[in-house]
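One structure is given below, encoded as structure tokens.
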């Protein structure tokens, strides 16, 4: 048996790199939250310059939530430890998803009709990709149902045509899975924990940790979801809100460096300078250009052979799939 061990290489990233890392998905979230007809008039998603974003963007109630979804998705795929470790725990320990190579696929159909999410999802899945819905029986083949799931987002009759076990999967924001086992779970991401809702096929709910509550990953029986709170205290949520403030202040100043009173922290002003220097370039090019400046991958992977010991479980797993125990993570 091969174990995949991951060690944190850089326990504390510098502030500028960490904020730069989260500003990238925030910009992407705001870009794809713009109305498609407005984007088309301004040169399309690939051609819209950063300086135009403040002129086209209109603040809305859902903007923060959309950017949070993009940021969680990006954090998982860039292996940000405080997000990766908690979602891995929710997947392996609470949902019994086998495998160790965690990945995220964005599936927020309401964000933009222009972003061809369906083709992107299909590219990431195989014909054997299974969606674990938390009930007994053979898990559904996800790729086979993707077109029906997308149609269900728009039409009630299409929802009724979905298999009963995944009839609410069209509400998923992400598909999170382990690519080595090719097993996935529908995941909902909400900046406001009160907006979490039950839906057949959804397994995990990712939310910020609430003040006065503990950060334990737990099952919410009323919603039939595994709740995965993300921590503050210098971890992901603190950095996310810091990046959100940088972008909002940059937009408020029409794409120029905000005043010191608007961004009093030197690190935040440095990130805003990165943006001001690139205001004449397309937003998507800016997002790509900032990646080398962002917090690097914090984990290095090491494989080693271990013996497999059989043990009797007190109760069977909810799926008919094999269960793999979570990997222990040891600080360097």
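Numerical summary
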| item | result |
| --- | --- |
| Filter result for the condition that a residue is within 29 Å of residue 185 (Cα to Cα), touching a strand residue (DSSP E or B) at 6+ places or on another chain (Cβ under 7 Å) and at pLDDT 95 or above, over 87, 97, 23 | 87 |
| Strands (runs of 3 or more DSSP E) (entirely within segment 184-252) containing at least 1 residues that are under 20 Å from residue 152 (Cβ atoms) and under 16 Å from the mean Cα position of the chain (by Cα) | 202-208 |
| Subset of segment 282-298 (residues that are touching a helix residue (DSSP H, G or I) at 6+ places or on another chain (Cβ under 6 Å) and either closer than 16 Å to residue 43 by Cα or in a helix (DSSP H, G or I) (or both)) | 283, 286, 287, 290, 293 |
| Complete set of residues in segment 258-278 that are buried (at least 19 other Cβ atoms within 10 Å of the Cβ) and assigned to a loop (DSSP other than H, G, I, E, B) | 258, 263, 278 |
| Single condition residue 298 does not satisfy, out of (1) under 19 Å from the mean Cα position of the chain (by Cα); (2) closer than 13 Å to residue 21 by Cα; (3) modelled with pLDDT of 95 or more | (3) |
| Checklist (1) closer than 13 Å to residue 83 by Cβ; (2) modelled with pLDDT of 95 or more; (3) surrounded by fewer than 23 Cβ atoms within 10 Å (Cβ to Cβ) applied to residue 238, failing item | (2) |
| Enumeration of residues in segment 170-196 that are out of contact with any helix residue (DSSP H, G or I) (no Cβ under 9 Å at 6 or more places or on another chain) and under 14 Å from residue 210 (Cα atoms) | 193, 194, 196 |
| Any hit, segment 59-66, residues being within 13 Å of the chain's Cα centre (by Cα), assigned to a helix (DSSP H, G or I) and surrounded by 23 or more Cβ atoms within 10 Å (Cβ to Cβ) | yes |
| Any hit, segment 309-328, residues being modelled with pLDDT under 50 and outside any loop (DSSP other than H, G, I, E, B) | no |
| Residue that is surrounded by the most Cβ atoms within 10 Å (Cβ to Cβ) [pool: residues in segment 155-181 that are within 26 Å of residue 74 (Cα to Cα) and without any contact (Cβ under 8 Å) to a residue 60 or more places away in the chain] | 169 |
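Matching residues to (1) under 26 Å from residue 274 (Cα atoms); (2) in contact with a helix residue (DSSP H, G or I) (Cβ under 8 Å, 6 or more places away or on another chain); (3) assigned to a strand (DSSP E or B):
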residue: 23; (1), (2), (3): yes, yes, no
residue: 27; (1), (2), (3): yes, yes, no
residue: 44; (1), (2), (3): yes, no, no
residue: 75; (1), (2), (3): yes, yes, no
residue: 83; (1), (2), (3): yes, yes, no
residue: 93; (1), (2), (3): no, no, no
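The values are calculated or read from the model by the stated rules, or taken from the named source; none is laboratory data. What you are looking at is a predicted structure, and each value in this text was computed from that prediction instead of being measured. Note that each Cβ is placed from the backbone with ideal geometry, even for glycine, and that neighbours are counted across all protein chains shown.
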